[in-house]
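The values are calculated or read from the model by the stated rules, or taken from the named source; none is laboratory data. Please read these numbers as outputs of a predicted model, since none were measured by experiment. Neighbour counts run over all protein chains shown; Cβ positions are idealised from the backbone, glycine included. We work out accessible area using only protein heavy atoms, side chains counted, and drop any ligands, DNA or RNA first. Shrake-Rupley method; radii C 1.70, N 1.55, O 1.52, S 1.80 Å.
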Amino acid sequence: KNYYGGNWASFSFSGLLSWIKEKQQKTEVSDECEDWRKLILENEEVISLNNSDKTIEHVEDFCFGNQDSAEDVEEAGALSKLPLFGSSGAQGAAQDPEKQSAPVENTLAEPAASSDPASATGGNETEVTPEREGSPDPASGEPASDVGETEAAPSESAAQEPKKITYAQIVREGRRFNIDLVSKLLYSRGLLIDLLIKSNVSRYAEFKNATRILAFREGKVEQVPCSRADVFNSKQLTMVEKRLLMKFLTFCLEYEQHPDEYQDYENRTFAEFLGTRKLTPSLQHFILHSIAMVSETDCSTLDGIQATKKFLQCLGRYGNTPFLFPLYGQGEIPQCFCRMCAVFGGIYCLRHSVQCLVVDKESGRCKAVLDHFGQRISANYFVVEDSFLSESTSKNVCYRQISRAILITDQSILKTDSEQQVSILRMPPVDSGQPAVCIIELCSSTMTCMKDSYLVHLTCPSSRTAREDLEPVVQKLFSLNTETEEETENEEVEKPRVLWAVYFNMRDSSGIDRSSYDRLPSNVYVCSGPDSALGNDCAVRQAETIFQEMFPTEEFCPPPPNPEDTVYDEEEPASEDSGLNNAPETKPEPSPEEGSSEGGATGEPESSEG
């Protein structure tokens, strides 16, 4: 590949268009060394690897603007061709050089206040460290308000007439987009946040709180009260509903102490259990789809209670919702780990494919890989992403699929006084038998889209093609009219307009047992691509499991020493300058329009305790 991160990658708009074209044409990497099999010795055999990515299918993109107007438009700030080699995982700098970039600084802090789970429902007892007063708002260039304050309401004329965005503008401002192939959020007490803090990798990233949890009920989108303060300030709930909701949430936090209340329902679904708790239909809907975020038909009572508890325990650590989003996209997370690796000598190669694994016939262990130049690279351990394995190796594997859609829209799905919202909505199944759809809407202050636009990610387990799975949901929430079509219904005027969209299916190789792969040497470890879950726990557990199998006596991702203090075996002690020479180019300071967003989690990491 000519980019870092595989299916975890992020692209500018022009980069994503190139990726789409590549997947639709299904281009294969040509062999530089056609006679590479002659390089295999008599006591060796090979396991061939794929030279093309077959994890993405059914890619369909649609433009709802005038594409002709963008024919001669170029993306602003386009730079020269990428280098072949990089001594860093600087995904932002090497994969997409023109990408607007965050300053590399310490950004994730462990809150000093107590995070007692019993008080988690209070919401704001521990918060994200607020930005300096007067720091610029990235979308407007105006000073951002402190966390928790409400921005000034836009003028009436501005509210009625949102700015029209053309396709030519999207192309011209393409470097302002950082579009993730996989859409996830970070639970504030999840495994990934703890790992980022413990390993000090958090120094390379910045984060923004997800500001709203939304629900779709009775044909409209509404905000869900999460914390204790939200519940009691809510105008959607009656006083009786508020008491019932708080009583149930408190029970979920302490459910282990009250087994008699749920044991009779352990073999029944969580939805059935909710029906026995004297909760109103609206409360049951909020808990099922917006707090526990579980299936109505497949989730057991215990799993539902545990999911609710996890949600509640994550409240209040960094803000008023359980979730954080990395500025510049989810693709920043692998980049951060790659940067740390690069500081200590890790090397990454772009456009450098591998032909095969070379296996010793006697020991059955893999001893080397052969690249497309015919070069042999030896190692003791080999970690291979599932997509590189050929059909002969994975013929007994049954893969799941993920349906994905990415939209660029002109308005939020729930307009409020503040335009800078990061929202998550779990859409109930449109038809019976269909999965629920997770929707994440990102504003421009996340540095993932241009000003006055929104980037919307839709994800669900696949039952058909991505377009067939997700287009009914898109039609419920958005207008698909083109610029030249007349708006015929009042409700269409109220919906955000989709400016551009892409649908695709992505392979979900998580949860596959090692024994499913054929002829896999004992020192070759297979890692999966992204799964369909909202969080990143699966990837973290898998990485730790593989590491412990290779190095059972070593600590997984320990806090690193200062690069200046590191002494290499073959080198002199690293000087102050040499410790940074291996690091990627740091990203330039953003302009006032691209500055840090409100609600960014900043500060020095203190501990990894959740």
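Table for the structure above
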{"quantity": "Criterion violated by residue 417 - all others in (1) open to solvent by 40 Å² or more (accessible area, probe 1.4 Å); (2) farther than 25 Å from residue 290 by Cα; (3) not hydroxyl-bearing (Ser, Thr, Tyr) satisfied", "calculated": "(2)"}
{"quantity": "Any hit, the range 441-458, residues being assigned by the TED database to the domain that holds residue 59, of a type in the set (D, E, K, R), open to solvent by 20 Å² or more (accessible area, probe 1.4 Å) and in a helix (DSSP H, G or I)", "calculated": "no"}
{"quantity": "Criterion: surrounded by 21 or more Cβ atoms within 10 Å (Cβ to Cβ), modelled with pLDDT under 70, outside the structural domain of residue 394 (by the TED database) and in contact with a Leu (Cβ under 6 Å, 6 or more places away or on another chain) - qualifying residue of 102, 90", "calculated": "102"}
{"quantity": "Per-region count, the range 291-305, residues more than 17 Å from residue 438 (Cα to Cα), open to solvent by 10 Å² or more (accessible area, probe 1.4 Å) and in contact with a helix residue (DSSP H, G or I) (Cβ under 8 Å, 6 or more places away or on another chain)", "calculated": "2"}
{"quantity": "Subset of the range 193-236 (residues that are out of contact with any Pro (no Cβ under 7 Å at 6 or more places or on another chain) and among the aliphatic types (A, V, I, L, M))", "calculated": "193, 195, 196, 201, 210, 213, 214, 215, 221, 224, 229"}
{"quantity": "Failed condition for residue 256, given (1) assigned by the TED database to the domain that holds residue 308; (2) within 31 Å of the chain's Cα centre (by Cα); (3) not polar (S, T, N, Q)", "calculated": "(2)"}
{"quantity": "In the range 551-564, the residues that are open to solvent by 30 Å² or more (accessible area, probe 1.4 Å) and not polar (S, T, N, Q)", "calculated": "551, 552, 554, 555, 557, 558, 559, 560, 561, 564"}
{"quantity": "Single unsatisfied condition, residue 311 versus (1) open to solvent by 10 Å² or more (accessible area, probe 1.4 Å); (2) part of a helix (DSSP H, G or I)", "calculated": "(1)"}
{"quantity": "Residue within the range 352-360 that is open to solvent by 10 Å² or more (accessible area, probe 1.4 Å), assigned by the TED database to the domain that holds residue 199 and touching a Cys at 6+ places or on another chain (Cβ under 9 Å) present", "calculated": "yes"}
